[in-house]
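S.K.: If you scroll down you'll find the structure; I have some questions about it.
The values are calculated or read from the model by the stated rules, or taken from the named source; none is laboratory data. Just so we're clear, the structure is a prediction, and the values are computed from it rather than from any experiment. Cβ placement follows ideal geometry from the backbone for every residue including glycine, while neighbour counts extend to all protein chains displayed. Areas reflect the complete protein model, heavy atoms only, side chains present, ligands, DNA and RNA absent. Shrake-Rupley method; radii C 1.70, N 1.55, O 1.52, S 1.80 Å.
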Amino acid sequence: MPHVNEYPLATLNKIINFHNLNLLVYKFKDIEYVPAKAITDAIGIDWRNVKRNFEAEDNKVLYGVLRVITPKIDNLGGLKTPDTPLLGGDMVATDTEIAENSQFLDILCMRLDRVQMYLARVNTSRIRANGNEDAADYLLSLQTEWAQALHSYETHGIAIKSSLFNNTKQLKLLTDIYKGLNDKQQKYVVSQQIDACLGIARTEDKDLLTGL
C-alpha cells in the first residue's frame with residue numbers, strides 16, 4: 001500500500017462532460033489528468049486487464065500516464081452521469097484508497113489531451129464481444145471521425161469538427177483562425193469550412209487548390 005508522499009500530489013481542477021461521461025479533472029504542474037479507470041469503465045473494459053497496459057513504457061509516454069495522490073472527495077453533490085454515458089458506464093474516479101490516511105486516494109491517471117488517442121486505439125471488436133453493441137458502434141463512429149480529422153490535419157495542416165458548424169461561436173472561431181493564417185492552403189481549407197457553416201457555395205479558386 002503506497003504512502004501519501006510516494007506519488008505527486010494533484011488537485012481537483014474541474015469536472016467536465018466528455019461524450020456524456022462526467023470526468024473529474026486533476027491538475028499537476030499545469031497539466032490536466034483524468035482517472036484512467038473512469039475511461040475504461042465507461043467503454044466496458046475490465047480494468048484488471050488493461051491496467052498493466054497503461055503502465056507499459058511506450059503507453060506511459062503516449063498517454064501521459066501518471067499515478068497521483070489526491071485528497072478524497074466525500075460529496076460531489078450527488079453528481080451522476082446522464083442516462084446515456086460515453087459508452088454505457090458510470091463515473092469511476094478512484095483507484096486505491098490510501099490506508100495510512102483515508103483522506104487521500106491513489107489514482108492512475110492519463111493526460112486529458114490524450115484520451116482520444118487511447119480511445120482511438122481501442123479494439124471495438126473486444127467491446128462488441130462483451131455484448132455492448134451500442135458502445136462498439138458509437139466508439140467506431142468516433143474512431144472513423146478522428147481518422148478523417150487526422151488525415152485532414154496531415155494533408156491540409158488543419159482539421160475542423162463538422163458537428164460544430166451550426167454553433168455561432170464556432171463560426172467566430174473559424175473566422176478568427178482564418179485571420180491568423182498566412183498559408184494559402186490552410187486559409188482555403190478554413191474558408192471552405194466557413195462557407196459550409198454559412199451555407200454558401202463558392203466557385204473554387206484554382207490557384208488556392210494547387211498542390212492539394
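S.K.: Can you tell me which residue within the range 1-41, out of those that are open to solvent by 70 Å² or more (accessible area, probe 1.4 Å) and of a type in the set (Val, Ile, Thr), is modelled with the lowest pLDDT?
M.R.: Ranking the candidates gives ILE15 first.
S.K.: While we're here: Residue by residue through the range 13-25, note down the ones that are in a strand (DSSP E or B) and under 14 Å from the mean Cα position of the chain (by Cα).
M.R.: ILE15, ILE16, ASN17, PHE18, LEU21, ASN22, LEU23, LEU24, VAL25
S.K.: Kindly provide the set of residues from the range 52-61 that are assigned to a helix (DSSP H, G or I) and open to solvent by 60 Å² or more (accessible area, probe 1.4 Å), ordered by number.
M.R.: Passing the criteria: ARG52, ASN53, GLU57, ASP58, LYS60, VAL61.
S.K.: Can I ask one more? Considering only the range 94-112, I want to know if a residue exists there that is open to solvent by 40 Å² or more (accessible area, probe 1.4 Å) and at pLDDT 95 or above.
M.R.: Yes; the residues of the range 94-112 include at least one that is open to solvent by 40 Å² or more (accessible area, probe 1.4 Å) and at pLDDT 95 or above.
S.K.: Continuing with the same structure: Could you identify the single residue in ILE158, ILE127 that is in a loop (DSSP other than H, G, I, E, B) and in contact (Cβ under 8 Å) with a residue 24 or more places away in the chain?
M.R.: Exactly one of ILE158, ILE127 is in a loop (DSSP other than H, G, I, E, B) and in contact (Cβ under 8 Å) with a residue 24 or more places away in the chain, namely ILE158.
S.K.: Could I ask something else about it? Scan the range 130-151 for residues that are loosely packed, with under 15 Cβ neighbours inside 10 Å and in contact (Cβ under 8 Å) with a residue 60 or more places away in the chain and jot them down.
M.R.: Residue satisfying the conditions is ASN130 alone.
One line per residue, one yes/no per condition, for (1) under 16 Å from the mean Cα position of the chain (by Cα); (2) at pLDDT below 90:
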residue	(1), (2)
VAL115	yes, no
LEU119	yes, no
VAL122	yes, no
SER125	no, no
ASN130	no, yes
LEU139	yes, no
LEU142	yes, no
ALA147	yes, no
HIS151	no, no
